[in-house]
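All remarks here apply to the structure that follows.
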Amino acid sequence: MSGNWYTEKQTENFGITMKINKTLHVEQTEWQFLEMAETAEWGNMLFLDGMVMTSQKDEFVYHEMVAHVPLFTHPNPENVLVVGGGDGGVIREVMKHPKVKKATLVDIDGKVIEYSKKYLPEIAGELDNPRVEVIVGDGFMHIAKSENEYDVIMVDSTEPMGPAVDLFTKGFYAGIHKALKEDGLFVAQSDNPWFKADLIKQVQSDVKEIFPITKLYTANIPTYPSGLWCFTIGSKKHDPLAVPDEQFHEVDTKYYTKELHKAAFVLPKFVKDLAGE
Ligand code: SAM
């Protein structure tokens, strides 16, 4: 932070800057440098290791798109796992699906959960839902010991650094394949195509080697670097672009719609090239 402005540097030459009204909490946790601040434009925001994680004003885009695209793709998502996601936003969206009987959240950092509940209550509000089990632990290890258990897995992790490095490996995707039931599917946030092209290519090619159906979709997220964000789906059976009409049900959202579910897979040419499509 400098004066009352905060910059997330994406490269040596580019960053995204916002005005801070008030710093709410700063702490070096066991895993990462956590900052919570009230911003002038975006409401309260969570930063980890100097990177924007979420903001009260635009969080709905990311959380809805991580949760609803895979959940509407699966005909009966009863048992769901969220890896990371300690702010609770993905879980809040998962809880909007009545077919989900149980959702487990595994975040490595209990402090993210604690301070999200305190300063981002409308994002973290469903973490205490009785259908939700919250585990503070390493998502990689949790996946490694799971077998044939989940219908849908969502990876809502930080960038591939610090505790999240293992969550962007082929070994992790192979573990996810094993942890999913025979018709299971997963989604992982896979960063932006402007500055992380190599990462997107790598994730796509690793997931393609393991899952018969691999697809990339995007969403527009103003507080994330470049604004254009990618998500990778790996699925054993169900195609996100072949969802029967009757599988969609009413859901209270601000970004996701049935039409956008399909449109999000229509990629700009340079992103299509990265996805190898
Ligand atoms: N939406 C954000 C984004 O795309 O920048 C990320 C949200 S943030 C809640 C991601 C979470 O991943 C953090 O709370 C962090 O503690 C967690 N995380 C990082 N590595 C992890 C690991 N190995 N296992 C479980 N959670 C992990």
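No value in this document is a laboratory result; all are computed from the given coordinates. This is a predicted model, so every value here is computed, not measured. Don't worry about glycine lacking a Cβ; one is built from the backbone with ideal geometry, like all the others, and counts go over all protein chains shown.
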| How big is the gap, in Å, between the Cα center of segment 104-180 and the Cα center of segment 33-75? | 15
| request: Quick one: among Val187, Val80, Val165, which has the greatest mean-square fluctuation in a GNM of the chain with alpha-carbon springs under 10 angstrom? | output: Val165
| query | How would you classify segment 152-213 from its alpha-carbon gyration tensor, with a ≥ b ≥ c the square roots of the eigenvalues: rounded for a/c under 1.5, else prolate if a/b is greater than b/c, otherwise oblate? | reply | prolate
| said: At a threshold of 8 angstrom on Cα-Cα distance, excluding pairs fewer than six apart, so keeping six or more, what relative contact order does segment 1-129 reach in percent? | reply: 17
| remark: Applying the gyration tensor rule to the Cα atoms of segment 201-266 (axes a ≥ b ≥ c; rounded if a/c under 1.5, else prolate if a/b exceeds b/c, else oblate), the class is oblate
| note | Per GNM of the chain with C-alpha springs under 10 angstrom, the most fluctuating residue out of Ala242, Ala124, Ala103 is Ala242
| query | Do any chymotrypsin sites (Phe, Trp or Tyr not before Pro) in segment 10-57 lie in a DSSP loop with no more than 16 other beta carbon atoms within 10 Å, and if so, which? | reply | Phe14
| task | Only Lys, Arg, Asp and Glu count, each charged at its Cβ (+1, +1, -1, -1), so figure out the dipole size of the chain about its Cα centre, rounded to 20 debye. | result | 400
| request: Name the shape class, rounded, prolate or oblate, that the alpha-carbon gyration tensor gives for segment 58-275, where a ≥ b ≥ c are the square roots of its eigenvalues, rounded holds for a/c under 1.5, and otherwise prolate holds if a/b is larger than b/c and oblate otherwise. | output: rounded
| request: Starting from segment 137-232, pick out the chymotrypsin sites (Phe, Trp or Tyr not before Pro) whose DSSP state is loop and whose Cβ has at most 15 other Cβ atoms within 10 Å. | output: Trp194, Phe195
| Using the 10 angstrom Cβ neighbour count as an exposure proxy, how do Glu259, Glu64, Glu12 rank, fewest first? | Glu12, Glu259, Glu64
| field | Highest-fluctuation residue, Leu180, Leu167, Leu228 considered, GNM on the chain with Cα pairs under 10 Å | value | Leu228
| said: Along the charge dipole of the chain, pointing to its positive end and built from +1/-1 on Cβ of Lys, Arg, Asp and Glu, which listed residue (Leu167, Ala242, Asn13) has its Cα farthest out? | reply: Ala242
| Which net charge results for the neighbourhood of Glu38, defined as the other residues with beta-carbon distances under 11 angstrom from its beta-carbon, given Lys and Arg at +1 and Asp and Glu at -1? | +1
| note | For segment 58-275, percent of DSSP beta bridges that are antiparallel (nearest 5) comes out at 40
| Karplus couplings for segment 34-39 from phi (6.51 cos²θ - 1.76 cosθ + 1.60, θ = phi - 60°), rounded to Hz, Gly and Pro as x? | 9, 10, 10, 9, 8, 9
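By counting other Cβ atoms within 10 Å of each Cβ, how are Asp49, Asp245, Asp151, Asp183 ranked from fewest to most?
Taking fewest neighbouring Cβ atoms as first place, the list is Asp245, Asp183, Asp49, Asp151.
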| query | For Ile20, what charge total do you get from the other residues with a beta carbon under 14 Å from its beta carbon, if Lys and Arg give +1 and Asp and Glu give -1? | reply | -2
